[in-house]
1. Please give the residues of segment 169-205, grouped as numeric ranges, whose backbone N is less than 15 Å from a label point set 7 Å along the Cα-to-Cβ vector of ALA144.
2. Roughly how many percent of the accessible protein surface of the chain is carbon and sulfur, given a 1.4 Å probe and a whole-percent answer?
3. At a Cα cut-off below 23 Å, give the lysines reachable from LYS68, other chains included and same-chain residues fewer than 8 away excluded.
4. Would you mind checking which residues have amide H under 5 Å from ALA8's amide H? H placed 1.01 Å from N; only 5 or more apart, or other chain.
5. Counting Lys +1, Arg +1, Asp -1, Glu -1, what net charge surrounds ASP226 among other residues with beta carbon under 9 Å of its beta carbon?
6. Between SER84 and THR130, what's the calculated FRET efficiency when r is the beta-carbon distance and R0 is 41 Å? Round to 0.05.
7. So how strong a dipole does segment 59-205 carry about its Cα centre when Lys and Arg Cβ are +1 and Asp and Glu Cβ are -1, to the nearest 20 debye?
8. Net charge near LYS199, counting Lys/Arg +1 and Asp/Glu -1 over other residues with Cβ under 15 Å of its Cβ?
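The values are calculated or read from the model by the stated rules, or taken from the named source; none is laboratory data. In this text the structure is predicted, and so the values were computed from the model without any measurement. With ideal geometry, Cβ positions are generated from the backbone for all residues, glycine too; neighbour counts draw on all protein chains shown. Please note that ligands, DNA and RNA were not included when accessible areas were found on the heavy atoms of the full protein model with its side chains. Shrake-Rupley method; radii C 1.70, N 1.55, O 1.52, S 1.80 Å.
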Amino acid sequence: MPRKLVVANWKMHGNLTSNQQLLIAYLDRLSALKNVDVVVCVPYPYLAQAQSLLQGTSIAWGAQNISKDAVGAFTGEVSASMLSDFGATHVIIGHSERATAYCESDENIAAKFMQAKAHGLVPILCVGETLIEREAGVMEMVVAKQIDTIVNLYGADVFANTVVSYEPIWAIGTGLAASSDQAQSMHEFIRNRIANHNKEAAASLKILYGGSVNPQNAVQLFSMQDIDGGLIGKCSLSAQEFEGICRAAS
């Protein structure tokens, strides 16, 4: 069975003291788990702290965003090479909270995806639909456009050994997760969409589910054929709840 991947997205939470307590609790609770890879994506200021506490352990770390540019006069931006300086291995790309608040286009997100790839980082590409789009029955069309933008600009082979996270926008932070059947259906759609262009890339791709995952629903979600793990928000801020999710994955 392929190893599952569980990614913690702390969003804009934490401070030096609470981060240290949480990361040490992660290490205490998760170090014995088998057949699951764990990544924690922290706010930029805490990358050095994550590197200091997690280097040499089984837990990797990454960031929650990246610039679409490699270098230059872009005040407030953080480049892929800067993330690499702190040992980051993964970066979240196009999370709906950012895409909505900062009006990120699919093309902008695609450029960020390629910056991550070019600098050896694993992009975690977030895709998903709103509640209105799901109720209108156009959720596959919406997700297809997000995937196809990258395929059309850069080719499907760029999805090899990367991560896509299906996050229905209506489920993020609401406590209302997609059913396992709804999630599996979209994960299968995503894999097939990429496989239509490149079967090898689709086979090596990990597709995570994100959106109100908890230790209870994780068991059923992770049992689905095309769900390779989870992108975890709120529950990643509790070592106990995050452990429960990681145990479901392992």
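1. 186-197
2. Values: 5980 of 11310 Å².
Roughly 53 percent, rounded to a whole number.
3. LYS11, LYS112, LYS117, LYS145, LYS206
4. It is VAL39, VAL40, CYS41, ILE232, by chain and number.
5. Working: positive: ARG191; negative: GLU188, ASP228.
Summing Lys and Arg as +1 and Asp and Glu as -1 gives -1.
6. Details: r = 34 Å, r/R0 = 0.83.
After rounding to 0.05, the efficiency reads 0.75.
7. Numbers: 9 positive and 17 negative charges, 52 e Å.
The calculated dipole for segment 59-205 is roughly 240 debye.
8. -2
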